[in-house]
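Undergrad: A single structure is presented below for examination.
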Amino acid sequence: MSATVRRNEPCPCGSGLRYKACHGQLDTAGPASQARVQRALTLHQQGNLEEAERLYRDILRDEPGNAIATHYLGMVAWHRGDTGEAERLMHAALAADPTIPDFHSNLGLLMRDTRRLDAAIACYRKALEVDPRWFEAFNNLGLALEAAGRPGEAIDAYREAIAREPRFAAARQNLALALLAAGEYREALEHYRWRLMAQRLTGAPPDPRQERFPALLDGRRFALRTEQGLGDALFFLRFVPELVRRGARVAFRGDARLHPMLARTGLFGLGLDAERAAAPELETIFVGDLPWLLGIDDPARFPAALPLAPLDDRLEKWRAKLRTLGPAPHVALTWRAGTAVAGPSRTQLKEIAPATLGRALRDTRATWISVQRLPEAGSREALEQALGAPVHDASLANDDLEEILALLGALEDYIGVSNTNTHLRAGLGGTMQVLVPHPPEWRWGIAGERSPWFPTMKVLRQAPDGNWAPAFAGATT
């Protein structure tokens, strides 16, 4: 049996707050004891949804209408993908007790993720009416405002959350991303340092005494650690040439699939090893901190993507293969990246329906190549039908980074959502037409056809209402 949650420990509900600032405030007296509620929430936070659900139902059997058990039974339903039942239970919990701000806030999350943004915004504002100190609601309000295409208001909401709780790392991270998207790079990078705490890679906030790197780093030896996916690692490794130019020597600690191509850059003189490998006598830094540490917050100074070179024999193999498939231009297509996750913990899913992509490109002449990783059954066929042309399947090239790097190097163009291949293509110096769903990922900015991070790539933006037609009005191949 789980121990009782202490008041200064993280709340078992997963909010990221301390228990005393979250469900420690709830009045759980009555037939359903505080210990039973705590245990149910602990099981929920641990991912044991089956046992948590059983305990919530036991509580409701003994105390019909218990608002906390009802609400979190709704959260279980949401995690399982049943948004209808989740919404019903959340409304029932609010009918039983509308004075708990977290109930309004979580319903807002559900409204946001089912694209009812006005309703989501109203839920967060209601949570703040109930308790103006409920700083998490300001953070959630910011996310909904961004999704609604109101970035300035979103930034204000994140600032309000931080004003009420300066150590609220999730709001700091969200503010950083919103400011990066808006082009406010200097302030953004200060807040971006909090992402490590927000992602629980560290339990402490950034050290306010830490200094940026000086102009000369002669004799300094660094181990660069990755913190996110392959694409983000490649993105931030663009700052390594500046480290070396200042006199530093560098080692890499990260995904082994990157090691061969990174070795060919000649920049990692101290070697390449696994992410968790020891780095004795080296200063360890996360790659995402490089722009702040180097003081690079002006687009005029943004470095180009880290140059990458494919293996010659693989490059020639793909050039020959593409010639057999049809005439130039050979254009790659990708329509989906990221993972859809049920429930309030979700990653960004970037996608365009294959049929929508096909119809938009139907009048364009090209030899089309699918580099979609793990395509869903029937998706390439739907793309072909709408496109009115064959789409040759090269999806398996994604299983080997050297293979996909060579294929991308052999293509004349690439149209698709942003993923690891986008960063590989950037390292090759290649062009791409990047399909950016709304709300946009920070590195593509909130407006315009170009990103200062990817000057060779054209940005095609989905409208806030989900329409892709305006984006393709400016597409070229």
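The values are calculated or read from the model by the stated rules, or taken from the named source; none is laboratory data. A quick note: this is a predicted structure, and the numbers were derived from the prediction, not measured. Here the Cβ positions follow ideal geometry from the backbone for every residue, glycine too, while neighbour counts run over all protein chains shown.
Undergrad: Filter the range 183-196 down to the residues that are farther than 15 Å from residue 298 by Cβ and in contact with a helix residue (DSSP H, G or I) (Cβ under 7 Å, 6 or more places away or on another chain) and list them by number. Please lay out each step first, then the result.
TA: Here is the first cut: in the range 183-196, the residues farther than 15 Å from residue 298 by Cβ are 191-196.
Those that are farther than 15 Å from residue 298 by Cβ and in contact with a helix residue (DSSP H, G or I) (Cβ under 7 Å, 6 or more places away or on another chain): 191, 192, 193, 194, 195.
Undergrad: Give me a count of the residues in the range 52-76 that are without any contact (Cβ under 8 Å) to a residue 40 or more places away in the chain and within 17 Å of residue 97 (Cα to Cα). Full working, then the answer.
TA: Quick first cut of the range 52-76, residues without any contact (Cβ under 8 Å) to a residue 40 or more places away in the chain only: 52-67, 69-71, 73-74, 76.
Subsequent filtering for residues that are within 17 Å of residue 97 (Cα to Cα) retains 56, 59-60, 63-67, 69-71, 73-74.
Matching residues across the range 52-76 total 13.
Undergrad: Can you tell which of 145, 107 is buried (at least 24 other Cβ atoms within 10 Å of the Cβ) and within 23 Å of residue 68 (Cα to Cα)? So that I can check it myself, show each step before the final result.
TA: Details: 145 fails: within 23 Å of residue 68 (Cα to Cα).
Only one candidate qualifies: 107.
Undergrad: Within the range 144-194, how many residues are within 25 Å of residue 119 (Cα to Cα) and not hydrophobic (A, V, I, L, M, F, W, C)?
TA: Result for the range 144-194: 14.
Undergrad: Looking at (1) surrounded by fewer than 16 Cβ atoms within 10 Å (Cβ to Cβ); (2) more than 22 Å from the chain's Cα centre (by Cα); (3) under 30 Å from residue 170 (Cα atoms), which is the only condition residue 339 fails?
TA: Looking at each condition in turn, residue 339 falls short on (2).
Undergrad: Cβ-Cβ distance below 8 Å, separation of 6 or more or different chains: which pairs start in the range 405-429 with a residue that is more than 15 Å from residue 366 (Cβ to Cβ) and end on one that is part of a helix (DSSP H, G or I) and among the polar types (S, T, N, Q)?
TA: 408/421; 421/398
Yes or no, residue by residue, for (1) closer than 29 Å to residue 187 by Cβ; (2) surrounded by fewer than 21 Cβ atoms within 10 Å (Cβ to Cβ); (3) not aromatic (Phe, Trp, Tyr):
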site	(1), (2), (3)
64	no, yes, yes
69	no, no, yes
97	no, yes, yes
125	yes, yes, yes
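Undergrad: Sticking with this structure for a sec: Among the residues of the range 299-328, how many are part of a loop (DSSP other than H, G, I, E, B) and farther than 21 Å from residue 423 by Cα?
TA: As a first pass, look at the range 299-328 and keep what is part of a loop (DSSP other than H, G, I, E, B): 302-311, 326-328.
Filter again for farther than 21 Å from residue 423 by Cα, leaving 326-328.
Final tally of qualifying residues: 3.
Undergrad: Can you tell me which of 175, 196 is surrounded by 16 or more Cβ atoms within 10 Å (Cβ to Cβ), within 20 Å of residue 288 (Cβ to Cβ) and touching a Ser or Thr at 6+ places or on another chain (Cβ under 6 Å)? I'd like the intermediate steps shown before the answer.
TA: Numbers: 175 fails: touching a Ser or Thr at 6+ places or on another chain (Cβ under 6 Å).
Checking each option against the conditions leaves just 196.
Undergrad: How many residues, within the range 438-465, are in contact with a Lys or Arg (Cβ under 8 Å, 6 or more places away or on another chain), at pLDDT below 95 and closer than 20 Å to residue 359 by Cβ?
TA: So the answer is 1.
Undergrad: With the range 178-276 as the region, which helices (runs of 4 or more DSSP H) entirely inside it contain at least 1 residues that are over 27 Å from residue 310 (Cβ atoms) and not aliphatic (A, V, I, L, M)? Even if it seems obvious, please write down each step before you answer.
TA: Values: elements: 185-192, 195-198, 230-236, 240-245, 259-263.
In the range 178-276, 185-192, 195-198 are the helices (runs of 4 or more DSSP H) which contain 1 or more residues that are over 27 Å from residue 310 (Cβ atoms) and not aliphatic (A, V, I, L, M).
Undergrad: Is it true that residue 224 is in contact (Cβ under 8 Å) with a residue 24 or more places away in the chain, within 24 Å of residue 190 (Cβ to Cβ) and aliphatic (A, V, I, L, M)? Working first, answer last.
TA: Values: in contact (Cβ under 8 Å) with a residue 24 or more places away in the chain: yes; within 24 Å of residue 190 (Cβ to Cβ): yes; aliphatic (A, V, I, L, M): yes.
Yes; evaluated as a whole, the condition is true for this residue.
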